[in-house]
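Following: one structure in structure tokens, then a few remarks.
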Amino acid sequence: MAGVITVAVVDDDRMLRDGIRSWFEGVEEVDLVACAATVDELLAGPGKPPDVVLLDLMLRDDRPPADNIRRLRAAGSRVLMISVVADRDRIVAAITDGADGFLTKDQELSVLVEAVGEIAAGRTAHSPELAFALAYDRGSMRPRLSPQEREVLVGYASGLTLKATARRAGITVNTAKYYLDRVKAKYQEAGRPTYTKIDLAARVREDGWR
């Protein structure tokens, strides 16, 4: 069982909990260790906190979603939000509050397993709904980039070298590096650390800069 990801589900829909339990029965890399109707119920249960918790985005438990996310993260779990409805404002708020990704509940099992793996590895689970929500968000999570910064970001993140990016933008390499450093600083200020070229490519996808 080495390397197996432990997962729990928090959802007040019993049929969904039973369905996910049945789904994961044949998945060797995932061990579903708990199903609960509330975060309180999950945290009161025995055993260590799971690696990843699937948390209903619209849980009817009279607690703010931010509080549920915070408590799960404080316990040592990472959080994948799930929902029937892709409510743009709620998705953005959940990611801002510390959730590690979002999926709608109509996804295939393979997509869910992949998302769980990404989150367990410390990355963000992306989905078209999450990208759309972030692309149209005008809050502090999505930094405001100048046209020059955006051009350099998209060019460099697409696989071009910094020199090729600068040439395409009609600027010097030093200027391109200056714009790129500003882009990274703006993402850092927005609470979304961005260090590598892979990180930059992820931000392009997430924020709809293409």
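Here are a few things to note about the model shown:
- Taking only the Cα atoms of region 78-172, the ratio Rg/Rh comes out at 1.08, with Rh defined as the Kirkwood radius.
- Once the Cα-Cα distance is subtracted from the 0.36 nm per residue extended length, the M58 to E28 segment shows a gain of 7.9 nm.
- FRET efficiency for K177 and R205, using Cβ-Cβ distance with R0 set to 30 Å, rounded to 0.05: 0.85
- Coil-residue GluC sites (Glu not before Pro) of region 79-149, DSSP, other Cβ within 10 Å capped at 14: E108
- With 10 Å bins beginning at zero, the pair-distance distribution over Cα atoms of region 5-203 amounts to 9, 33, 29, 17, 9, 3, 0 %.
- Total formal charge among the other residues, if their Cβ is under 14 angstrom from that of D12, Lys/Arg +1 and Asp/Glu -1: -3
- Label-to-label distance, D87 versus D67, with points set 7 angstrom from Cα along the beta-carbon direction: 1.6 nm.
- Whole-number percent relative contact order across region 5-203, with pairs defined as alpha carbons under 8 Å at least 6 apart: 14 percent
- Net charge over other residues, Cβ less than 9 angstrom from the Cβ of I119 (K, R count +1; D, E count -1): -1
- Accessible solvent surface per residue of region 1-46, calculated while the other protein chains remain in place, 1.4 angstrom probe, Å²: 58 Å²
- What a 1.4 Å probe finds exposed on the chain is 51% carbon and sulfur by accessible area, rounded to a whole percent.
- Taken about its Cα centre, the chain carries a charge dipole of roughly 1500 debye when the Cβ of each Lys and Arg holds +1 and the Cβ of each Asp and Glu holds -1.
- Cα centroid separation - region 55-83 against region 135-210, whole Å: 31 Å
- Note on the chain: antiparallel DSSP beta bridges, both residues inside, total approximately 0 percent of the bridges counted.
- For region 54-96, the direction-averaged projected area of the alpha-carbon convex hull comes to 2.9 nm².
- Accessible area expressed per residue, region 71-210, with surrounding protein chains retained (probe 1.4 Å, Å²): 51 Å²
The values are calculated or read from the model by the stated rules, or taken from the named source; none is laboratory data. Since the model is a prediction, treat every value here as computed from it, not as a measurement. For neighbour counting, all protein chains shown are included, and Cβ atoms are generated from backbone atoms with ideal geometry for every residue, glycine included. Surface accessibility is based on the protein's heavy atoms, side chains included, excluding ligands, DNA and RNA. Shrake-Rupley method; radii C 1.70, N 1.55, O 1.52, S 1.80 Å.
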